[in-house]
Amino acid sequence: MPQDALFDYVLRMGDNCLVLAQRVSVWCGHAPVLEEDIALANTALDLIGQTRLWLSYAGEIEGKGRSADDLAYLRDARAFRNCLLVEQPNGDFGQTLMRQFLFDAWHHFTLGALKNSADGRIAEIAEKAAKEVAYHLDRSGDLVIRLGDGTAESHNRMQAALDHLWPFAGELTTPDEVDEALTQKGVAADLAQVESQVSAYMEKTLAEATLSAPKDAPVRKGGKTGLHGEELGYILAEMQFLQRAYPGATW
Amino acid sequence: MVTVMTATAAKPSIDDIWRWLEAVPDPEIPVISVVDLGIVRDVSWEEDALVVTVTPTYSGCPATAVIALEIENALRDRGIENVTIKSRLSPAWTTRWISAAGREKLKSYGIAPPVEGAACAGALRLNDVTVSCPRCGSSDTECVSPFGSTPCKASYRCKACLEPFDYFKSF
């Protein structure tokens, strides 16, 4: 088993939530309608709460005394373990929504599996987070259907977003050695099982949305092992600025 | 033996403490208490320290820290100096733990209480459950957005009296 596999796995869970929350928060005050503005902010808030649970646990696993805040604010891009999907730019509302939808579907089924993790702490966090994520997927799934099967304009934007983001979604369901080692021990979610659940859900929902997923698209990956696009650097520059400039600042 | 009894007698009873906690309001919905909300999971004495175990409603709810502080303050006001607030994640909080009194208080405050049997997202539609208007009682209502003014609420509209209202989502 790779060294520190459990630390890496829990970091991935936390970093996905953290980076997506940071992206989604940017919409606060800018969404096309008030209800969506509130929904986006609430989703980001849930994800920040989940980030704290995961990163606190990651810090304990590592055993070097790093808190959730230390891990969020004082790591460089190369040490982040989020998938590439969540760091993709917001684009228009359709792109933000499609990114959320692709992530929520994976997140929902993964947490469902993690509720039975052999690691008690992971199971506990998953049980809590799964309830929140069920609402996230409800909303993003609903809106993908309404906008996909909406006007010609909204349909075209949703299809363009799907074409653009689809290759990044594959990283979430493609296991690597960390996933495999921990799945064998009953700790991680079995991604083969998650993949089949996500596919079935996607097929049904995208059909209802009159959208079609690209065929034979390559999988764009690397984030899980710390190989990110330049976008993550910009996200971190903004998010970490204060703690970097004024170490230990509190208010 | 005598000293032990004296020390015990000086401690307020667990029943009294629960009663005091019933007066601690939720910071976001001040008509209901933290006990009504079902987030106080346990109260016990560990030697001279009072341990209050609290579970979060939503993991990112900003009220969580305020709730811990208010519980501590309320107990300090009653003369209990040594209070420890413990957070417990599992079993995860559910709106089934909201007391009958709490549900009534929500309703009279204008917030539709969670609908029984609809324990999670999607269940409202799947079970064809309706949310009744807390003002006029009509069941002719519609969901405006599943995310409302706080993480625990959805925005609804009554099609009979035309008033918008909050629905405390089943969770």
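The values are calculated or read from the model by the stated rules, or taken from the named source; none is laboratory data. Not measured: the values here are computed from a predicted model. Here the Cβ is made from the backbone with ideal geometry for all residues, glycine too, and neighbour counts use every protein chain on show.
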Legend entry - Residue in region B:1-16 that is in contact (Cβ under 8 Å) with a residue 24 or more places away in the chain and within 25 Å of residue B:168 (Cα to Cα) present: no
Inset, instruction - Specify which of the listed residues (A:40, A:11) is farther than 24 Å from residue A:181 by Cβ and either small (Gly, Ala, Ser) or under 18 Å from the mean Cα position of the chain (by Cα) (or both). - result: A:40
Inset, instruction - Find the residue count for region B:79-102, including only residues that are more than 9 Å from chain A (Cβ to nearest Cβ) and loosely packed, with under 15 Cβ neighbours inside 10 Å. - result: 9
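Please go through region A:25-38 and give me each residue that is out of contact with any strand residue (DSSP E or B) (no Cβ under 8 Å at 6 or more places or on another chain) and either within 25 Å of residue A:11 (Cβ to Cβ) or at the interface with another protein chain (Cβ under 8 Å from one of its Cβ atoms) (or both), ordered by number. Spell out how you get there, then give the answer.
Let us first name the residues in region A:25-38 that are out of contact with any strand residue (DSSP E or B) (no Cβ under 8 Å at 6 or more places or on another chain), namely A:25-34, A:37.
Residues satisfying the conditions are A:25, A:26.
Residues of region A:200-230 being of a type in the set (D, E, K, R) and assigned to a helix (DSSP H, G or I), which ones?
Listed by number, the residues that qualify are A:203, A:204, A:208, A:224, A:230.
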Inset, instruction - Please go through region A:56-80 and pick out each residue that is small (Gly, Ala, Ser) and within 14 Å of another protein chain (Cβ to nearest Cβ). - result: A:56, A:68, A:72
Legend entry - Cβ-Cβ under 9 Å pairs, at least 6 apart or on other chains, region A:134-147 side among the basic types (Lys, Arg), far side surrounded by fewer than 22 Cβ atoms within 10 Å (Cβ to Cβ) and at pLDDT 95 or above: A:146/A:154
Inset, instruction - Sort out which residues of region A:39-48 are surrounded by fewer than 22 Cβ atoms within 10 Å (Cβ to Cβ) and either closer than 18 Å to residue A:71 by Cα or within 7 Å of chain B (Cβ to nearest Cβ) (or both), and write them in order of number. - result: A:48
Inset, instruction - Take residue A:53 and decide whether it is buried (at least 18 other Cβ atoms within 10 Å of the Cβ), more than 24 Å from residue A:198 (Cα to Cα) and either within 14 Å of another protein chain (Cβ to nearest Cβ) or not β-branched (Val, Ile, Thr) (or both). - result: yes
Legend entry - Of all residues making up region A:126-166, the number that are under 9 Å from residue A:94 (Cα atoms) and within 14 Å of another protein chain (Cβ to nearest Cβ): 0
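I'd like to verify a number: residues in region B:129-151 that are within 14 Å of chain A (Cβ to nearest Cβ) and not aromatic (Phe, Trp, Tyr), how many? Outline the logic, then answer.
Of region B:129-151, the ones within 14 Å of chain A (Cβ to nearest Cβ) are B:142-151.
Next, from what is left, pick out any that are not aromatic (Phe, Trp, Tyr): B:142-146, B:148-151.
Number of matching residues: 9.
Kindly establish whether residue A:124 is acidic (Asp, Glu) and in contact with an Asp or Glu (Cβ under 9 Å, 6 or more places away or on another chain).
Details: acidic (Asp, Glu): yes; in contact with an Asp or Glu (Cβ under 9 Å, 6 or more places away or on another chain): no.
In short, no.
Kindly state which helices (runs of 4 or more DSSP H) lie completely within region A:1-80 and contain at least 2 residues that are touching a residue at least 12 places away in the same chain (Cβ under 8 Å) and of a type in the set (Asp, Glu).
Where helices (runs of 4 or more DSSP H) fall fully within region A:1-80 and carry at least 2 residues being touching a residue at least 12 places away in the same chain (Cβ under 8 Å) and of a type in the set (Asp, Glu), they are A:5-25, A:34-62.
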